[in-house]
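Asker: My questions all concern the structure below.
The values are calculated or read from the model by the stated rules, or taken from the named source; none is laboratory data. What you are looking at is a predicted structure, and each value in this text was computed from that prediction instead of being measured. Backbone-built Cβ (ideal geometry, glycine too); neighbour counts: all protein chains shown.
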Amino acid sequence: MSSVPVFTGRDVEAAVSPERAVEAVRAAFVAHARGEWLMPPKVYVTNYPAGDFRAMPALGGGHALLKWVTSFPGNASRGLPTVSGIVLVSDAETGELRAVLDAASVTALRTGAAAVLAAEVLGRADASSAAVIGAGVNGRAAAKTFLARGRGVSLWDVDLARAQAAAEELGADVASSLEDALAADLLVTVTPGHEPLLRDDTLSPGQHVSLMGADGPGKAEATDGALQRARLFADEWEQASHGGELAHAVEAGLVRRDDVTQLGTVLAGDAVGRRSDDEITAFDSTGLAIQDLAIALVALERSDELELAALRL
């Protein structure tokens, strides 16, 4: 009988710091861009309008991963988490199961890491302000990552009490208004994406926005007009064009493949990021299984240091 370590949400957070998550996600983006890590398409099992289930596989670093995760936006009103599920990590040579991890905590870490990594890479060199709109689990993760990287950040949420609680917990500021948050040099949006937050003329020259909320069909945080004013980047074209922020504009024929640069190619040195201080840059994040794998592998490195529960097989 074999024993498989089980990482609870607290275990994942103890094993992987926000700073380490950023570097791990950066390396995963580069490995995927170079064809060293593989990622079959994400599969959606939908039950709209309630929510959806997602199966996300990846292979890299001597391991294979499958994440079974949910997104049920209405759960907050029920006192339930919006995101839940499990991550399974197996040995790529033998197929043996190596670890089971809480999916929500892995998702939060890699979401925060991707949002801030994109902002650091694509934002202006002299960017002085940062804001996160949405103070849920993933919004807090983005704010926590900004702070861990030494940058102050303001939070805004439609629920002011939630923004205040998150800011107090993290040591962040609360934006005085939505308009002030939207004016930040480095902007991260982590909203349900039910209706556009960024209108045609919301973004100003020189701003960067990491669009993290529209991670499924029918969701959008920005209008097509807002996207057309920006230089567009994505974590992965296929996912972004079918189920991400860009999907509607792609369907309408307003955005084509040549209009979008994958962040991994920029990080690998094979594509240009920001080209001028006046350029508006927008990063569409749909969430990649390679990012989850990167976080999981860092957690596995720390397994001997933690008191973990075990699954007997």
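Asker: Out of everything in segment 46-71 that is under 18 Å from PRO81 (Cβ atoms) and of a type in the set (A, V, I, L, M, F, W, C), what residue ends up being surrounded by the most Cβ atoms within 10 Å (Cβ to Cβ)?
Answerer: Going through the qualifying residues, I end up with MET56.
Asker: If you check ALA294, ALA214, ALA240, ALA282, which single one turns out to be part of a strand (DSSP E or B) and in contact (Cβ under 8 Å) with a residue 40 or more places away in the chain?
Answerer: Details: ALA294 fails: part of a strand (DSSP E or B); ALA214 fails: part of a strand (DSSP E or B); ALA240 fails: part of a strand (DSSP E or B).
Within the list ALA294, ALA214, ALA240, ALA282, the selection yields ALA282.
Asker: Identify, by number, the condition in (1) surrounded by 14 or more Cβ atoms within 10 Å (Cβ to Cβ); (2) farther than 15 Å from MET39 by Cβ that ASP258 doesn't meet.
Answerer: (1)
One line per residue, one yes/no per condition, for (1) surrounded by fewer than 23 Cβ atoms within 10 Å (Cβ to Cβ); (2) closer than 23 Å to ARG34 by Cα; (3) at pLDDT 95 or above:
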residue	(1), (2), (3)
ASP235	no, yes, yes
SER241	yes, yes, no
GLU245	no, no, no
ASP278	yes, no, yes
ILE290	no, yes, yes
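Asker: Surrounded by 24 or more Cβ atoms within 10 Å (Cβ to Cβ) and under 30 Å from ALA64 (Cα atoms) - does that describe any residue in segment 160-171? Walk me through it before giving the result.
Answerer: Of segment 160-171, the ones surrounded by 24 or more Cβ atoms within 10 Å (Cβ to Cβ) are 163.
Cutting the leftovers down to under 30 Å from ALA64 (Cα atoms) gives us none.
The answer is no, given that none of the residues of segment 160-171 is surrounded by 24 or more Cβ atoms within 10 Å (Cβ to Cβ) and under 30 Å from ALA64 (Cα atoms).
Asker: Got a sec? Which of ALA127, ALA119, ALA76, ALA108 is out of contact with any strand residue (DSSP E or B) (no Cβ under 6 Å at 6 or more places or on another chain) and at pLDDT 95 or above? I'd like the intermediate steps shown before the answer.
Answerer: Details: ALA127 fails: out of contact with any strand residue (DSSP E or B) (no Cβ under 6 Å at 6 or more places or on another chain); ALA119 fails: out of contact with any strand residue (DSSP E or B) (no Cβ under 6 Å at 6 or more places or on another chain); ALA76 fails: at pLDDT 95 or above.
Just a single option satisfies the conditions, and that option is ALA108.
Asker: Does segment 1-49 hold any residues that are modelled with pLDDT of 95 or more and of a type in the set (S, T, N, Q), and which are they?
Answerer: THR8, SER17
Asker: In segment 292-313, which residue that is out of contact with any Leu (no Cβ under 8 Å at 6 or more places or on another chain) and surrounded by 14 or more Cβ atoms within 10 Å (Cβ to Cβ) is nearest to ARG98 (Cα to Cα)?
Answerer: The selected residue is LEU300.
Asker: Oh, and also: Among the residues of segment 76-93, write down those that are in a helix (DSSP H, G or I) and without any contact (Cβ under 8 Å) to a residue 60 or more places away in the chain. Working first, answer last.
Answerer: The initial filter retains those residues of segment 76-93 that are in a helix (DSSP H, G or I), namely 76-78.
Residues satisfying the conditions are SER77, ARG78.
Asker: Please pick out the residue among ARG199, ARG256, ARG229, ARG275 that is basic (Lys, Arg) and touching a Leu at 6+ places or on another chain (Cβ under 8 Å). It would help to see each step written out before you state the result.
Answerer: On the way: ARG199 fails: touching a Leu at 6+ places or on another chain (Cβ under 8 Å); ARG256 fails: touching a Leu at 6+ places or on another chain (Cβ under 8 Å); ARG275 fails: touching a Leu at 6+ places or on another chain (Cβ under 8 Å).
Just a single option satisfies the conditions, and that option is ARG229.
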